[in-house]
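The values are calculated or read from the model by the stated rules, or taken from the named source; none is laboratory data. Everything quoted here is computed from the prediction, not taken from an experiment.
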Amino acid sequence: VCPTKALERDANGIVQVRKDKCTSCLMCVGFCPSASMLFNGAKQTEPFKCISCGICAKACPTGALELLTTPESK
């Protein structure tokens, strides 16, 4: 979905917002199927709601989201 390939993800990770690339377009909020992306003046994630699908990262036009692998998920 992302035309600029700005988002990345690993198969077993959580989403991290890269604030240096975020333009507050809210594409991630609109595409997130588990409502784990929030915007209240600043983008935030709710890791416990995140299902690690990577849809938000694919939707981001600037690559501001990254799905990171955690030690617990390996």
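Select from region 16-32 the residues that are under 12 Å from CYS60 (Cα atoms) and charged (D, E, K, R) and write down the one among them that is modelled with the lowest pLDDT.
Residue satisfying both the conditions and the ranking: ARG18.
Residue check, ALA6 against (1) in a loop (DSSP other than H, G, I, E, B); (2) at pLDDT 75 or above, all met but one. Which one?
Of (1) in a loop (DSSP other than H, G, I, E, B); (2) at pLDDT 75 or above, only one is false for ALA6: (2).
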